Amino acid sequence: MIAKDKIEEGDILFTIPRSALLHQGTSKISALLELEKSSLASSSGWVPLLLALLYEYTSLQSHWQSYLSLWMDFKTLDQPMFWSEEEREGLLRGTGIPEAVNTDLANIQKEYTDVVLPFIARHPDVWNRDKHTLEMYTKLVAFVMAYSFQEPQEVDEDDEKGGKTCNPPIMVPMADMLNHVSNHNACLEFTPVRMHKHFMNNLKMVCVRPIYKGEEVFNTYGQMANWQLLHMYGFTEPYPSNSNDTADIPISVLYKSVVEGGQSNLDQQLVDERWEMLCQMTQNRETFVFGKQGCLTDTELHAFLKVLCMSTEEFSEFKENQVWEDVDEDWISIAFSNEGLPGLKASWKELIHKAAHHTLRSYSVCGDSDQSLIENKAILARLSRREQNAVQVRYGQKSILYRLMELTK
């Protein structure tokens with residue numbers, strides 16, 4: 001979508017009536033889906049929407065046919081779940097994407113077998129197993145991943161658990177045609193809009209900073225690192241434009257760094273005892289996440305480093321009391337930022353440095369090769385789209401890890 005003239009901040013670009021949204025509540029089979037609601041529960045929570053899409057996409061009389069016809073057989077979808085296993089391993093090893101895709105495909109298979117197929121069998125008048133296949137279901141999962149929106153629910157002050165949850169995903173025609181960049185200029189709002197002295201229950205796309213004539217209108221899909229953009233949407237932002245890019249250090253790599261002698265005064269049994277306690281206290285965190293400005297999981301990383309680097313006496317006292325000292329969260333945030341990392345204790349920096357080094361060695365392509373491709377736009381342009389996206393993910397992550405090593409050397 002291109003601006004034909006200057007658009008001012010706060011201008012409403014377009015509104016979308018809720019009757020135009022496609023989800024399980026607006027599908028022709030909404031009553032059936034509501035009736036079967038309890039049997040369609042799954043870990044993803046997407047089954048009712050996916051069944052609605054399965055029905056509407058394969059129905060010649062569908063009210064949504066003109067909208068869904070924009071995606072002819074979903075051939076344009078190119079998330080890594082559609083790549084061969086060899087491509088994923090060869091291009092994306094070390095990025096975390098192959099593992100995420102394997103989890104996705106296993107969950108899709110299980111959901112289709114355990115939930116969708118029994119539903120189809122119970123309603124042969126509406127469903128056809130030969131037409132509503134696992135292959136089609138998988139394509140629709142990718143379609144929802146790439147094009148759906150989620151309307152946030154307001155925090156219920158009476159809810160003891162608190163926190164903000166999300167409604168099931170919905171398809172939003174018009175809004176889903178906008179591309180994403182981290183430095184976006186438009187945003188989808190779900191709040192009612194006032195028109196002609198009346199409040200209309202519409203969604204609205206709002207300009208959040210001036211857009212000049214000829215510029216593209218960009219929405220935001222959220223604060224997404226390049227590996228997340230490629231995994232879910234099938235594209236990346238070119239280095240270094242994605243301000244939300246991140247690199248993960250697997251928790252197992254930190255363990256490896258400790259065992260290899262980063263803390264040589266600790267024997268294996270003591271390391272394992274500390275490690276087991278930490279994993280329980282941090283709810284089995286799998287990764288530590290680093291962004292362009294520092295650690296994004298600083299509280300958890302602080303806890304691990306503090307315990308792993310304690311003296312034997314300190315750990316014995318801690319194990320007996322299992323009470324954390326009060327630590328200023330602002331101090332932790334500053335200490336684990338790029339500015340604060342060089343000032344950490346030497347033993348802490350040593351573990352972070354080793355872990356970053358081990359993580360870099362896990363990638364399928366060395367850092368120098370990716371840097372050469374990023375710097376030579378002509379050579380990069382000759383690569384396939386998949387190869388280009390893989391380079392952007394790999395190099396974005398590696399640049400964060402190289403910076404982390406520099407700050408902790």
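The table for this structure:
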{"quantity": "Selection count where residues are among the aliphatic types (A, V, I, L, M), under 23 Å from residue 60 (Cα atoms) and assigned to a helix (DSSP H, G or I), scope the range 10-39", "calculated": "4"}
{"quantity": "Only one of 347, 399, 362, 384 that is farther than 20 Å from residue 254 by Cα and polar (S, T, N, Q)", "calculated": "384"}
{"quantity": "Selected residue [under 24 Å from the mean Cα position of the chain (by Cα), modelled with pLDDT under 95 and of a type outside the set (D, E, K, R)] from 365, 393, 307", "calculated": "365"}
{"quantity": "Subset of the range 330-377 that is acidic (Asp, Glu) and part of a helix (DSSP H, G or I) - its residue that is farthest from residue 295 (Cα to Cα)", "calculated": "375"}
{"quantity": "Elements of type strands (runs of 3 or more DSSP E) in the range 174-213, at least 1 residues being modelled with pLDDT of 95 or more and under 29 Å from the mean Cα position of the chain (by Cα)", "calculated": "186-189, 202-207"}
{"quantity": "Residue pairs meeting the criteria (Cβ under 8 Å; at least 6 apart or on separate chains; first more than 15 Å from residue 50 (Cβ to Cβ) and touching a residue at least 12 places away in the same chain (Cβ under 8 Å), in the range 21-38; second surrounded by 17 or more Cβ atoms within 10 Å (Cβ to Cβ) and β-branched (Val, Ile, Thr))", "calculated": "21/170; 21/172"}
{"quantity": "Flag for residue 45 being in contact (Cβ under 8 Å) with a residue 12 or more places away in the chain and within 30 Å of residue 401 (Cα to Cα)", "calculated": "no"}
{"quantity": "Odd one out for residue 344, checked against (1) under 25 Å from the mean Cα position of the chain (by Cα); (2) open to solvent by less than 30 Å² (accessible area, probe 1.4 Å)", "calculated": "(1)"}
{"quantity": "Selected residue [of a type outside the set (D, E, K, R) and closer than 27 Å to residue 35 by Cβ] from 108, 97", "calculated": "108"}
{"quantity": "Matching option when the condition is over 27 Å from the mean Cα position of the chain (by Cα) and of a type outside the set (S, T, N, Q), among 35, 70, 50", "calculated": "35"}
{"quantity": "Qualifying residue in the range 75-96 (condition: under 20 Å from residue 173 (Cα atoms) and open to solvent by 60 Å² or more (accessible area, probe 1.4 Å))", "calculated": "yes"}
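Residues are listed down the side, and each one gets a yes or a no for (1) within 21 Å of residue 401 (Cα to Cα); (2) hydrophobic (A, V, I, L, M, F, W, C); (3) surrounded by fewer than 12 Cβ atoms within 10 Å (Cβ to Cβ):
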{"site": "295", "(1), (2), (3)": "yes, yes, no"}
{"site": "298", "(1), (2), (3)": "yes, no, no"}
{"site": "308", "(1), (2), (3)": "no, yes, no"}
{"site": "314", "(1), (2), (3)": "no, no, no"}
{"site": "330", "(1), (2), (3)": "no, no, yes"}
{"site": "338", "(1), (2), (3)": "yes, no, no"}
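The values are calculated or read from the model by the stated rules, or taken from the named source; none is laboratory data. Model, not experiment: these values are computed from the prediction. Note that we place each Cβ from the backbone using ideal geometry, even for glycine, and neighbour counts take in every protein chain shown. Protein only, heavy atoms only, side chains kept; ligands, DNA and RNA dropped before computing areas. Shrake-Rupley method; radii C 1.70, N 1.55, O 1.52, S 1.80 Å.
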